[in-house]
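Please read the structure below before turning to the comments.
Every number here is computed from the coordinates shown, using simple stated rules; none is lab data. Since the model is a prediction, treat every value here as computed from it, not as a measurement. Positions of Cβ are backbone-derived with ideal geometry, glycine not excepted, and every protein chain shown enters the neighbour counts.
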Amino acid sequence: MEQLTWTGGMGWLNPGLGLAVAVMILAYLGQMVVSLVPATGARTIGSGAVATADQGISGLFGRVGSWAFRAVLVMILIYLVAGIVLGPAAGIFGGMARQLLPVWIALIVTFALSITYKRRLGLYGKLFDSTVGMIGFALVMFWVYTGVFGGVFDLLVTHDSLSQVSGMKNKLPGTPLARAEDGEYPWFLLGGDNLARDVFTRLIKGAWVVVQIAPMATLFAFMVGITLGLPAGYYGGKLDVFLSFLANLILAFPVILLFYLLVTPEIVLTGIPNYMAIFLFIFPLIFLGVLLNSRFYTQPSLRTPLLIGVLGIAGWLYLSLVSTNGALVDAPTYRLPGLPAAVDLFDIDPGVLVVFVSVVFVNAPTVFRIVRGLTLDIKTRDYVAAAQTRGEGPWYIMLWEILPNARGPLIVDFCLRIGYTTILLGTLGFFGLGLASESPDWGTTINAGRRLLSLYPHAAIAPALALLSLVLGLNLLADGLREESLRD
Amino acid sequence: MGLFILRRLGVMLLTALCLTFIVFWLTNLYPNLEKLAKTQGNFRMSDEAVTSYLENRGYLQPMPVKFGQWLGVVPGWVTETADGKVFGRCFIDGTPEADRDQFCGVLQGDWGFSTVFKEDVGPTVLTRLALTGKLMLCVLLLMVPSALIVGVLAGMREGSRMDRSLSTFSIATTATPEYVSGVIFIAVLASSRFGLSPLLAEWGWIDGRTLFLGSATSAMEDATFWNFFLPVLTISLYGMGYIARMTRASMTEVMTAQYIRTARLKGVKFSNIVLKHALRNALIAPFTVIMLQIPWLLNGVVIVETLFNYKGFGWLLVQAAANNDIELLLAVSVVSVIVVLFTQLVSDIGYVILNPRIRIT
């Protein structure tokens, strides 16, 4: 097996791609420069919006740029299709495109279904009216599918994420294995790291860690923030002062100092993360209970079985989440018994739990402030006054009148915050806190790769670009959602 | 106004007290103290040895007493060992009885002793803070003007190509945390084997082997463009996108205002409208954002100083936290809390001064 180049048999297309990219950048730059010089014949409509984009030199530049952009897209598509057909014969990109085939299929199915039914899908469907939103959604779903297929089903990976292959230490991308056995993938597509493990496989396994933790942690932070922010904004007074003070207190901490204080093995020993988990994870239960009770309390025959069912399942999940090996807190000196191991659904690694808890803890105050601000704004609306006049209870008004009307900004912030949580997880990994040092998550991998950065950059660059693209996707998605939700 | 500032200062003090107490409590938990004893003494200490080490140094007193001693409102501990040595929090062994201080805490200006650096905490923090100040100043000088320019250019014609390109650029920078952009910059610009440097060196465009230096250690004494630009750029880039987006939002809002339309109808030149009519009002909101961004830069500073090995305040924070250096960590957190709360105060006051429509009641 010979060394793979980046594009292999498709190398003849590279000059074309380079040319198209150069033309695109030059044309767009040209258009921007020209737009600074006011054109004499140009007419503008309204408040400075450009109505003359397709006229004159500026319009010419714009048209050339957008054709070049389309050419770039088509060529990337050719690389992809060729890669899927030819496999590693089309270089490293080809090999990766072939490996990621299930992801491409899932993406195409998702997009085809969503675009077909977009008029019936509410805000989600409207996302497919905005190019930016679609690009963001594609990037995010790419990593979600990669994480799920690679992490759960072991589909996309080429090697084991922990096994070290002799002779592959710090090898460049596309290096063939020295002694590949039968059935073993004969290349390290993205090279080997400083412990001779496959960077490509670890990238995909790392995507699963991020895709699991970041949305869940954000969801919990939202539950905490909403459950506390609604009453703080609605009731105001002493409660508001107290909760706002607490939120500002946590926000005044430098995040990294907080992480260093919370996420160390010594603190895990004291059981403090477990107490925090017990406290923070109860909020979804409270939220669900109050949500259902405030709506159905006038119909006890429906409310009581519903609450028992929902809270029973949620409580079971909660107890499984917070108890490990049959104990809520397992400090060296004492032990709080929890759910017995026999009925415990799943155990969470203490390292992961402490990371999870601290990320929720850092995010919750910001969500609290947003929800509080929205509540303060919405509670002055007429429909809230109408509900008050009707004699609805305060929790009904908060959860069924105010919260649904605050959903637009909250959904947008949710997307942004998943991205921010991903960055925080990376920060934790970058400082070697929390997750085990052999964990494939992107932050830890960047941290491991940065020591040899100027000699072998590929081991750190690959996860860095992955993290960048996921967060960029989430930000673009949030931007698209904001645009579309404002259009109503 | 005066009352407002006083009240804010009071809240600041209360917050700082609460925060330092939390830091104090977390660092004084027994497992942390045990680690401290073992790193200071030796790693094979028996449990009794650990206890006596901690007992002798006053670590095992009740938490409020220790906190009071650190603040300087409770007399410092005094230990008399079996072999007749007398030492305490405020004096070392062999000090004559008359010279022994009773109180030594923050209120007396004594910030304690760093167990990692074997130095007094006060001067250590100040030296490191000066180094970080240099970094922050450069960051602000680069970040604020470029963010404002990008934001104003994007916001002056909403929906144009310029707007879309620059907005995409700002979104991309907010999606690039420092440890990602830093890694990419080092690999592309500061590696002698990869990226641009070998190419440029071959063409003879640069004198040294790399375009920029991947380590900022030498910038601590003598900062040049060559060794200091990459860390500054890395921090600026992440903060820039956010400020630029806020500036753009504020600029587009101002550009749709009635008085701008009036000016346009009167036939004022577009450049005059942007520079003379719109800009002043559009810069009120970014001012707040810039002030609130400064505590954020502190995070970036920690990451970048670790990545580029620049031994400033962020590096100090990492060293103190990793080694559970209690008094150093407390001083570090006091400084960062003051930075956070002070910038909040300045942004509030500045907002009122800049925007006459807002009045504090």
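Within the P(r) computed for the protein assembly as shown, what percentage of the Cα pairs occupies the region above 54 Å? Could the numbers behind the result be given before it?
Details: 60107 of 359976 pairs.
That tail contains 17 percent of the Cα-Cα pairs.
Under a Cβ-only charge scheme (Lys and Arg +1, Asp and Glu -1), can you give me the dipole magnitude of the protein assembly as shown about the Cα centre, in debye to the nearest 20? Walk me through the intermediate numbers first.
Working: 58 positive and 52 negative charges, 682 e Å.
Roughly 3280 debye for the protein assembly as shown.
Determine, for B:Arg248, B:Arg357, B:Arg8, the number of other Cβ atoms within 10 Å of each Cβ, and report the residues in order from fewest to most. If you can, show how the numbers build up before the last one.
Working: B:Arg248 25, B:Arg357 6, B:Arg8 16.
By the 10 Å Cβ count, ascending, the order reads B:Arg357, B:Arg8, B:Arg248.
Cross-link candidates for A:Lys169: which aspartates and glutamates have Cα within less than 20 Å, leaving aside residues fewer than 8 places away along the same chain?
Within the straight-line limit of under 20 Å, A:Lys169 reaches these aspartates and glutamates: A:Glu2, A:Asp160, A:Glu181, A:Glu184, A:Asp193, A:Asp198, A:Glu438, A:Asp441.
List the aspartates and glutamates whose Cα sits under 12 Å from the Cα of A:Lys118, skipping any in the same chain fewer than 8 residues away.
A:Asp129
Quick query: amide H of B:Phe113 versus all other amide H atoms, modeled in the peptide plane; which residues come in under 5 Å with a sequence gap of 5 or more or a different chain?
For B:Phe113, the qualifying residues are B:Val121.
Can you tell me the 0 to 90 degree angle between the C-alpha axis of helix B:225-255 and the longest principal axis of chain B, rounded to 10?
50
Taking the Cβ of each residue in B:Thr20, B:Thr174, A:Thr380 as the centre, tally the other Cβ atoms inside 10 Å and list the residues starting with the fewest. Spell out each step's value before the answer.
Values: B:Thr20 20, B:Thr174 23, A:Thr380 8.
Exposure proxy ranking, most exposed first: A:Thr380, B:Thr20, B:Thr174.
So for segment A:78-184, Kirkwood radius off the Cα pairs, Stokes-Einstein at 4 °C and 1.567 mPa s: how many µm² s⁻¹?
Details: Rh = 16.2 Å.
Roughly 80 µm²/s, to the nearest whole number.
I want to check the label-to-label distance for B:Asp222 and B:Asn309. Put each point 7 Å from Cα in the C-beta direction and report it in nm to one decimal.
Placing both labels 7 Å beyond Cα along the Cβ direction yields 1.8 nm.
What lysines sit close enough to B:Lys276 to cross-link, taking a C-alpha to C-alpha distance under 23 Å and skipping anything fewer than 8 places away on the same chain?
B:Lys266
Rg over Rh of segment B:173-317, using C-alpha atoms and the Kirkwood radius, what does it come to?
Numbers: Rg = 20.4 Å, Rh = 17.8 Å.
Expressed as Rg/Rh, it is 1.15.
What angle do you read, to the nearest 10 degrees and between 0 and 90, between the alpha-carbon axis of helix B:284-308 and the longest principal axis of chain B?
Tilt of helix B:284-308: around 50 degrees.
Within 10 Å of each Cβ of B:25-35, how many other protein chain Cβ atoms are there on average? If you can, show how the numbers build up before the last one.
Working: counts 2, 9, 3, 0, 6, 5, 9, 6, 1, 2, 4.
Counting other chains' Cβ atoms within 10 Å and averaging over B:25-35 gives 4.
When you look at the Cβ of every residue in A:256-265, what mean number of other chain Cβ atoms sits within 10 Å? Before the final figure, lay out each step's value.
On the way: counts 12, 14, 5, 1, 9, 11, 1, 0, 7, 2.
Average per residue, whole number: 6.
Quantify how strongly other chains surround peptide B:160-170 by giving the mean number of their Cβ atoms within 10 Å of each of its Cβ atoms.
Numbers: counts 9, 15, 7, 4, 3, 6, 1, 2, 5, 0, 1.
That works out to 5 on average.
At 7 Å along the Cα-to-beta-carbon direction for both A:Trp316 and A:Leu73, put a label point, then send me their distance in nm to one decimal.
Going by the 7 Å Cα→Cβ label model, 4.8 nm.
For B:Cys90, B:Cys18, A:Cys415, what ranking results if the residue with the fewest other Cβ atoms within 10 Å of its Cβ goes first?
On the way: B:Cys90 21, B:Cys18 15, A:Cys415 24.
The most exposed by this proxy come first: B:Cys18, B:Cys90, A:Cys415.
Separation of segment B:101-151 and segment B:312-354 by C-alpha centroid, Å?
So the separation of the two Cα centres works out to 8 Å.
Say each of B:Ser192 and B:Ile338 gets a label point 7 Å from the Cα, pointing the same way as Cα to Cβ; how far apart are those two points in nm?
4.3
Determine the dipole magnitude for segment A:209-455: charges of +1 sit on the beta-carbon of Lys and Arg, -1 on that of Asp and Glu, nothing else is charged, the reference point is the Cα centre, and the result goes in debye to the nearest 20.
Its charge dipole is roughly 540 debye.
Could you pull out the pairs from A:Lys238/B:Lys66; B:Lys134/B:Lys311; B:Lys66/B:Lys311; B:Lys38/B:Lys118; A:Lys126/A:Lys379; B:Lys35/B:Lys311 whose alpha carbons sit more than 20 Å apart here? Could the numbers behind the result be given before it?
Numbers: A:Lys238/B:Lys66 31 Å; B:Lys134/B:Lys311 12 Å; B:Lys66/B:Lys311 30 Å; B:Lys38/B:Lys118 16 Å; A:Lys126/A:Lys379 28 Å; B:Lys35/B:Lys311 24 Å.
Pairs exceeding 20 Å: A:Lys238/B:Lys66; B:Lys66/B:Lys311; A:Lys126/A:Lys379; B:Lys35/B:Lys311.
Nearest 500 deg cm²/dmol is fine: what mean residue ellipticity at 222 nm does chain B get from its DSSP H runs of n ≥ 4 alone, each adding -39,500 (n - 2.57), divided by its residue count? It would help to have the intermediate numbers written out before the result.
On the way: 14 runs with 234 residues, N = 361.
Computed mean residue ellipticity for chain B: -21500 deg cm²/dmol.
Any idea what angle helix B:47-56 forms with the longest principal axis of chain B, computed on alpha-carbon atoms, 0 to 90 degrees, nearest 10?
Helix B:47-56 sits roughly 80 degrees off the main axis of chain B.
Determine the distance separating the Cα centre of segment A:314-384 from the Cα centre of segment A:240-292; give it in Å without decimals.
One Cα centre to the other: 8 Å.
For chain A, build the convex hull from the C-alpha positions and give me its volume per residue in Å³. Walk me through the numbers on the way to the answer.
Values: hull volume 103.9 nm³, N = 488.
Spread over its residues, the Cα hull of chain A gives 213 Å³ apiece.
Could you pull the Rg and Dmax for segment A:209-455, using just the Cα atoms, both in Å?
20.0, 71
Could you order the peptides A:64-71, B:230-237 from most to least packed, using the average number of other C-beta atoms within 10 Å per residue? Present the calculation step by step, with values, prior to reporting the outcome.
Working: A:64-71: 16.5, B:230-237: 25.6.
Per-residue mean Cβ counts within 10 Å order the peptides as B:230-237, A:64-71.
Work out the length of the dipole vector of chain A about its Cα centre, built from +1 on the beta-carbon of each Lys and Arg and -1 on the beta-carbon of each Asp and Glu, and round it to the nearest 20 debye. Walk me through the numbers before you get to the answer.
Details: 29 positive and 27 negative charges, 214 e Å.
Here the size comes out at about 1040 debye.
Per residue of chain A, what 222 nm ellipticity follows from adding -39500 (n - 2.57) for every DSSP H run with n ≥ 4, rounded to the nearest 500?
Details: 18 runs with 317 residues, N = 488.
Computed ellipticity for chain A at 222 nm equals -22000 deg cm²/dmol.
Taking only complete DSSP H runs, can you tell me which helices of chain A stretch 27 Å or more along their own long axis by Cα positions and average at least -1.0 on the Kyte-Doolittle scale? Numbers along the way, then the final one.
Numbers: long enough: A:14-36 (34 Å, 1.63); A:56-86 (45 Å, 1.81); A:131-151 (29 Å, 1.60); A:199-235 (53 Å, 1.31); A:300-322 (32 Å, 1.41); A:350-378 (40 Å, 1.59); A:407-430 (33 Å, 1.07); A:458-486 (42 Å, 1.10).
The answer, listed by residue number, is A:14-36, A:56-86, A:131-151, A:199-235, A:300-322, A:350-378, A:407-430, A:458-486.
Which residue fluctuates the most in chain B, going by a Gaussian network model with Cα springs under 10 Å, if the choices are B:Ala82, B:Ala223, B:Ala249?
Maximum fluctuation in the GNM of chain B, among the listed residues, is at B:Ala82.
Compute the FRET efficiency between B:Lys276 and B:Thr51 as 1/(1 + (r/R0)^6), taking r as their Cβ-Cβ distance and R0 = 56 Å, and round to the nearest 0.05.
Numbers: r = 73 Å, r/R0 = 1.30.
Using R0 = 56 Å, I get an efficiency of 0.15.
For A:Phe188, what residues show an amide H to amide H distance below 5 Å, using hydrogens built from the backbone and excluding near sequence neighbours?
Counting only residues 5 or more places away or on other chains, the set is A:Gly174, A:Thr175, A:Leu177.
Which residue fluctuates most in the GNM of chain B (Cα springs below 10 Å): B:Thr224, B:Thr262, B:Thr176?
Maximum among the listed residues: B:Thr262.
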